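Encoded as structure tokens, the structure appears first; notes follow it.
The values are calculated or read from the model by the stated rules, or taken from the named source; none is laboratory data. Because the structure is a prediction, the values reported are computed rather than measured. So basically every Cβ, Gly included, is an ideal-geometry build from the backbone, and we count neighbours across all protein chains shown.
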């Protein structure tokens, strides 16, 4: 499955790169990924009991006129070839390809509380300076951290949460107590 997703992503990437439209492609591809991950749209398109005609009609209503014609035709192609399950993997791969081309990465920040725009910007700038790449920050709120943050970026993991500090203290106390 990943081979076909990669071929679809590569074809779209090359098409947009030739036309110098990678900004538009990235924005619209992220929109589609978000739509497929956070709505029932992908379930409708992949449902085996929904006819191809109904899937096409659904795609027309949801995406027609809202995305670039090449992306729209890509969705229609996957429907026509009964390959709707490749949509999200191909689009996710496409985002990765564009970001790699631009020397960009995404940092997943898990925080006990929501972060403000200025905090996100400072984190992005600090990580960019340290890693030598443009870093987009994606924030997930997890109150179980109590306070602090954890950062996953480019194969690195940094955890400065109170939850982890308490766990480490507990582990240290158990070790000392068992000796």
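Among the residues of segment 115-128, is any part of a loop (DSSP other than H, G, I, E, B), in the same structural domain as residue 160 (by TED's automatic domain parsing) and surrounded by 13 or more Cβ atoms within 10 Å (Cβ to Cβ)? I'd like the intermediate steps shown before the answer.
Within segment 115-128, the subset part of a loop (DSSP other than H, G, I, E, B) is 115-116.
Filter once more, keeping what is in the same structural domain as residue 160 (by TED's automatic domain parsing): 115-116.
If we keep only those that are surrounded by 13 or more Cβ atoms within 10 Å (Cβ to Cβ) as well, we get 115.
There is at least one residue in segment 115-128 that is part of a loop (DSSP other than H, G, I, E, B), in the same structural domain as residue 160 (by TED's automatic domain parsing) and surrounded by 13 or more Cβ atoms within 10 Å (Cβ to Cβ).
Any residue at all in segment 80-90 that is part of a helix (DSSP H, G or I) and within 30 Å of residue 126 (Cα to Cα)? Spell out the reasoning first.
Narrowing segment 80-90 to residues part of a helix (DSSP H, G or I): 80, 84-90.
This time we only want the ones that are within 30 Å of residue 126 (Cα to Cα), so: none.
Taking every residue of segment 80-90 in turn, none turns out to be part of a helix (DSSP H, G or I) and within 30 Å of residue 126 (Cα to Cα).
List every residue pair whose Cβ atoms sit under 7 Å apart, with the two residues 6 or more apart in sequence or on different chains, where the first one lies in segment 47-74 and is assigned by TED's automatic domain parsing to the domain that holds residue 86 and the second, anywhere, is part of a loop (DSSP other than H, G, I, E, B) and surrounded by 13 or more Cβ atoms within 10 Å (Cβ to Cβ).
Going by the 7 Å Cβ cut-off, the qualifying pairs are 72/64.
Answer yes if at least one residue in segment 111-123 is closer than 23 Å to residue 30 by Cβ, touching a strand residue (DSSP E or B) at 6+ places or on another chain (Cβ under 7 Å) and without any contact (Cβ under 8 Å) to a residue 12 or more places away in the chain, and no otherwise.
Our first condition is that a residue be closer than 23 Å to residue 30 by Cβ; within segment 111-123, this holds for 111, 114-123.
Within this subset, residues satisfying the condition of being touching a strand residue (DSSP E or B) at 6+ places or on another chain (Cβ under 7 Å) are 111, 114-115, 120, 123.
Then drop every residue that is not without any contact (Cβ under 8 Å) to a residue 12 or more places away in the chain, which leaves none.
Scanning segment 111-123 turns up no residue that is closer than 23 Å to residue 30 by Cβ, touching a strand residue (DSSP E or B) at 6+ places or on another chain (Cβ under 7 Å) and without any contact (Cβ under 8 Å) to a residue 12 or more places away in the chain.
Which of the following residues is closer than 27 Å to residue 134 by Cβ, within 21 Å of the chain's Cα centre (by Cα) and at pLDDT below 85: 30, 102? Reasoning before the result, please.
On the way: 30 fails: at pLDDT below 85.
Result of the check over 30, 102: 102.
Restricting to segment 147-171, and then to whatever is assigned to a loop (DSSP other than H, G, I, E, B) and modelled with pLDDT under 80, can you tell me which residue is nearest to residue 103 (Cα to Cα)? Full working, then the answer.
So the first thing to find is which residues in segment 147-171 are assigned to a loop (DSSP other than H, G, I, E, B), and the list is 147, 154-155.
Now drop any that are not modelled with pLDDT under 80, which leaves 154-155.
On the way: 154: 11, 155: 15 Å.
Filtering segment 147-171 for residues that are assigned to a loop (DSSP other than H, G, I, E, B) and modelled with pLDDT under 80, the one nearest to residue 103 (Cα to Cα) comes out as 154.
Between residues in segment 1-23 that are assigned by TED's automatic domain parsing to the domain that holds residue 71 and in contact (Cβ under 8 Å) with a residue 60 or more places away in the chain and residues that are surrounded by fewer than 14 Cβ atoms within 10 Å (Cβ to Cβ) and outside any helix (DSSP H, G or I), which pairs lie under 8 Å by C-beta distance while being six or more apart or on different chains?
22/102
Name the residue, out of 67, 50, that is surrounded by 13 or more Cβ atoms within 10 Å (Cβ to Cβ) and within 24 Å of residue 93 (Cβ to Cβ). Steps first, answer last, please.
Numbers: 50 fails: within 24 Å of residue 93 (Cβ to Cβ).
Being surrounded by 13 or more Cβ atoms within 10 Å (Cβ to Cβ) and within 24 Å of residue 93 (Cβ to Cβ) holds for just one of 67, 50, which is 67.
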